[in-house]
Structures are given as C-alpha cells and as structure tokens.
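The structure under discussion appears below in the form of structure tokens.
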Amino acid sequence: MQIKRRRTRLGGAFPAVPGPRVLRAALLVVGAACPVALIRLFPRDAGVADVHGIGRRRRDAVAAAAIDGGVPPRRRPHPGRIRALVDNRRLGNDGKGGRTERGAGDGDAAAGPTARAALDAKRVQSQSIPSNGTATGKHPPGARIDDANGEKNWKWYGGDLNEYYNKLERDEHAKRDPNDISSYAVHRWMGPERSTLIHYQLVRESIYELVLGREAPSSEAASKATSGASEKLRVFDAGCGLGPGLMWIERHEPEWGLVGHTISEVQFKWIAEDLPPHDFVARLRTYDEPLLDGDEGLFDAIYSIEAAIHSPDLRHTLRSWSDALRPGGIVVLVDDFLSAGVPRDDPDVDLFARSWIAAAVHATDEISSWADRTGLTLVRDRDLGREFEIVKRNYRNKTPALRDERGRVHQGWLGSKVRQKLMVEGKITYRLVVLQKKIAAEEGDTTK
C-alpha cells in the first residue's frame, strides 16, 4: 500500500491518515488474531470464565506467591483475592471446601489428619473449666466460625479465660511500658484527657467516702501528705489483670495493704517480672477462690474493674466477697450492666456474652437483689457512660461493623465491637456500683 505524503508550511512531511476501508481491514485482522492468542495463553481446560476473568488460576498463583513471600509478580493481584486465599489458609481449606494438610491452628506446622486430631484433642484438654460450671460459649478452642451473626473468621477459646487473656497480652505486649501505668491500664477512656486512670480515682474516692467517712485528697500532692498512716486498710483487686490498679493505689496510698488475683499466667508473669518494685501481693488465682491466706484479716474494700462480668456465677462470687469483707466494708464494681428492660436473650447481648466470655451480664436491680441475700446493700449506682460521655469519647457515637481488621481475629476483638454496638444503641450501660457490708445490727434484721 502506497502512502501519500503531504507538505506542511514548514517543509516537513506527515503520513496521510488512512481511509475508513483501510482501518476496517486492520481491525478485522486484529480481531481474528485475539482468540488465537488467548487459546495459546490458556491451553487445556481453560474455560470461558477463566478467559473473561483473565485467568483465575493465574491470579491464584500470583496471590499465593505474594502471601508466601515469593518473587514479586509482574501483575499485582487483586487485594480481595489475596484476602480470600489468606482466609482459606487460616481455615485450612483449599478454597473449594476441602481441607489442606496445613496445621489446624495458627502457628502449627504442616500436619496430616492424625497429627491434626492430636493437636485438637490437646487443645480441648487444656481448657480451664470453672469449678462450678462448664466452659461458657458454644465454640471449641481455636474454632473459626462462619455464620450469619458476624462471627466469621474469629478465633474462639471455648471459655478458657486464661488462654483468652494470655493471647491478648502476647499480641499487645510490645505496647506496654512498665513505668507508665496508663500503657497497661486497659479500660474505657474517661474525662477530657481520655484517661483510663480515672477508674482508680473513683475506687479510691469510694473507699474514702464510704469506709473512712471523709473526702479523698483532691491531688497527688495532698495524697502523699495525708495518706492516712493511721488507717492501714486492706484492699483486694478482684481481677487485677496486669496490676495497674494495684500499682496506682499503692503510689497514692502506700500504707494500704493490697492484694490482687489474676487468672492469666501471662499477666501474672508481667506483674512478677516486668513491673517496678512494689509491696502489693499478686496471686495466680480466680477472684472467688478463698481470698484469705492463713491468719490474714478481712478486707476493708474489694474492687473489680471490668472483671466481675466474667464470673460464671456472680451470686457465688458476691457471696465469696461478702465473706471476706469486714462489716461496713464495700465492694466497688466498674463494669457493663444490662439496661433496664433489655432481655438477656437479645441476640446482640448473647453474642457479646459469648465473644467477651461474659457470663455475668446483668441489670443492677438483679445485683441489688442478690446482694441483699449475701449481707450486702446497694448504696451507690453511677452511670459513668453518661457522666463521662463514654460513647462520644470512645466510640464517636458510631456503631462498628462486626468484622476483623488488621488481622485481629481474637474473639475479644469481636466482643469489644459488639460491646460498642450495644452501648451506642443503649442496650448496656457502663456503671459504678457500690455494695456495702451490713453491720451486725442489720445482719440480725430478719425483715430484709
């Protein structure tokens, strides 16, 4: 084909634009060549879906190479495809509903069916079953659930609170600073400064007002100057976790005798090995086991911050605490409580109870009725959620999506999201509840 050239005013030359018939002929040639090229690219059993999807097997191989740290592919795989393969490998699936020979849980080496069965049996045997009941929650340890209730891909611990908290702490350990209490005081933010230490201030204020009969010193300087050397109170932290409450109160009230119980081996190790020198006593026990060792005296106060909700039988726990209190002593609970009129069998409340391992989700009127039978009386009930704008400061008034983010698949992260949802919707409230041990005259009153 001879292409004519035309002159420009500058003396240069450009090819003349081909006519419509020439363009049509070229397009026909290209159109005929494309199917041949695709067939050569996808031989054997490459179906129509693969051709139009630009090769699903190719994407699988590319994504797998990216996951396993292989050579970076030319064409970056679609993020959704990588997520799907990661989920399948976590589940031990081959992507088609079958099992692979990969281990049954995170961190397991490749194992055959016999080895996987042995691993699963070992996990089941390692559950910590409460002495007065069975493990809470319907999911076995390490199970990953895929159903309509937002439980997909979460890792469950079958009611084993020890391992539940052990794994959480292993994941978050790098964020802790033993010299900064706020770094391991894991509670809801309160106040304009979004502090978690306000919880301990509220406990201390309650002890001063209801046990000592006067206001607590308003500043740290006043606390050190008037720490009350003549009142050597005994105080018990029921569910002390990593020990932030014990450490904070000891610094403000060095004369008080402090004891704390934690059920987590990893938390106990942190207290024993990582915290600065301290005088308080921490024990690896549940908080309703016998609280007094030997000839130890009764406690003047017991406090539990976001821990009583884990009790498998809160009535039994309240009885144990009441037995360890002197008359006039107090129990301070800071925790989530069911809002008035909300049924315990509400689907969202039930999901929260299972994912948070929260067997003790109750309304304050239930707590009050049980307290009366154990020698305790409800004397204070503060709505901290409203008082400190918990929903606004912690959650920005937003209901979260119940899905894992950034690889956080521990069931506790699901529990925290459901808790946020329930608080935003008003189904649970964050409260400070104080129960006081009746004095002898009141204990002999049969009208109560």
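With the requirement that a residue be of a type in the set (Lys, Arg) and in contact with a Gly (Cβ under 9 Å, 6 or more places away or on another chain), what does region 175-214 give you? Step through it out loud before you land on a result.
Here is the first cut: in region 175-214, the ones of a type in the set (Lys, Arg) are 175-176, 188, 194, 204, 214.
Result: Arg188, single match.
Could you please find all residues in region 259-274 being surrounded by 16 or more Cβ atoms within 10 Å (Cβ to Cβ) and of a type in the set (A, V, I, L, M)? Steps first, answer last, please.
Within region 259-274, the first condition is being surrounded by 16 or more Cβ atoms within 10 Å (Cβ to Cβ), and the residues that meet it are 259-264, 266-268, 270-271.
If the condition is that a residue be surrounded by 16 or more Cβ atoms within 10 Å (Cβ to Cβ) and of a type in the set (A, V, I, L, M), then Val259, Ile263, Val266, Ile271 are the ones that fit.
Any chance region 385-405 includes a residue that's farther than 20 Å from His199 by Cβ, over 19 Å from the mean Cα position of the chain (by Cα) and charged (D, E, K, R)?
no
Go through region 412-425 and count every residue that is open to solvent by 40 Å² or more (accessible area, probe 1.4 Å) and over 19 Å from Lys155 (Cα atoms). Reasoning before the result, please.
Taking region 412-425 and keeping what is open to solvent by 40 Å² or more (accessible area, probe 1.4 Å), we get 413, 424-425.
Cutting the leftovers down to over 19 Å from Lys155 (Cα atoms) gives us 424-425.
Counting residues in region 412-425 that are open to solvent by 40 Å² or more (accessible area, probe 1.4 Å) and over 19 Å from Lys155 (Cα atoms) gives 2.
So which pairs qualify, if the first residue must be in region 309-337 and farther than 16 Å from Thr377 by Cα, the second must be among the basic types (Lys, Arg), the Cβ gap must be under 6 Å, and the two must be at least 6 apart or on different chains?
Phe337/Arg431
If we keep just the residues of region 275-301 that are in contact with a helix residue (DSSP H, G or I) (Cβ under 9 Å, 6 or more places away or on another chain) and more than 22 Å from Trp321 (Cα to Cα), which is most open to solvent (accessible area, probe 1.4 Å)?
Per the stated criteria, the residue is Asp279.
Of these, Asp350, Asp372, Asp365, which one is open to solvent by 10 Å² or more (accessible area, probe 1.4 Å), touching a residue at least 24 places away in the same chain (Cβ under 8 Å) and farther than 22 Å from Phe236 by Cα? Quick ask: steps written out before the conclusion?
Working: Asp350 fails: touching a residue at least 24 places away in the same chain (Cβ under 8 Å); Asp372 fails: farther than 22 Å from Phe236 by Cα.
Criteria check complete, one pass: Asp365.
Which residues, counting only those in region 161-190, are open to solvent by 10 Å² or more (accessible area, probe 1.4 Å), of a type outside the set (A, V, I, L, M) and not in a helix (DSSP H, G or I)?
Hits for region 161-190 are Arg176, Asp177, Pro178, Asn179, Asp180, His187, Trp189.
Could you list, in sequence order, the residues of region 385-416 that are touching a strand residue (DSSP E or B) at 6+ places or on another chain (Cβ under 7 Å) and assigned to a loop (DSSP other than H, G, I, E, B)?
Phe388, Asp404, Val409
Being assigned to a loop (DSSP other than H, G, I, E, B) and of a type in the set (D, E, K, R) is the filter; apply it to region 244-269 and report the residue that is farthest from the chain's Cα centre (by Cα).
Quick first cut of region 244-269, residues assigned to a loop (DSSP other than H, G, I, E, B) only: 253-256, 263-264.
Cutting the leftovers down to of a type in the set (D, E, K, R) gives us 253, 255.
On the way: Glu253: 31, Glu255: 35 Å.
Within region 244-269, the match that is farthest from the chain's Cα centre (by Cα) is Glu255.
So in region 191-239, with the set limited to residues that are among the small types (Gly, Ala, Ser) and part of a strand (DSSP E or B), which one is modelled with the lowest pLDDT?
Applying the first criterion (among the small types (Gly, Ala, Ser)) to region 191-239 yields 191, 195, 206, 213, 216, 218-219, 221-223, 225, 227-230, 238-239.
Adding the requirement that they be part of a strand (DSSP E or B) leaves 195, 238.
Values: Ser195: 95, Ala238: 98.
So, considering only residues that are among the small types (Gly, Ala, Ser) and part of a strand (DSSP E or B), the one modelled with the lowest pLDDT is Ser195.
What are the residue pairs meeting all of these: first residue in region 258-282, first residue over 21 Å from Tyr303 (Cβ atoms), second residue open to solvent by 60 Å² or more (accessible area, probe 1.4 Å) and part of a strand (DSSP E or B), Cβ atoms under 7 Å, and 6 or more apart or on different chains?
Glu265/Leu284
The values are calculated or read from the model by the stated rules, or taken from the named source; none is laboratory data. Computed from a predicted model, the values in this text were never measured in an experiment. So basically every Cβ, Gly included, is an ideal-geometry build from the backbone, and we count neighbours across all protein chains shown. Surface accessibility is based on the protein's heavy atoms, side chains included, excluding ligands, DNA and RNA. Shrake-Rupley method; radii C 1.70, N 1.55, O 1.52, S 1.80 Å.
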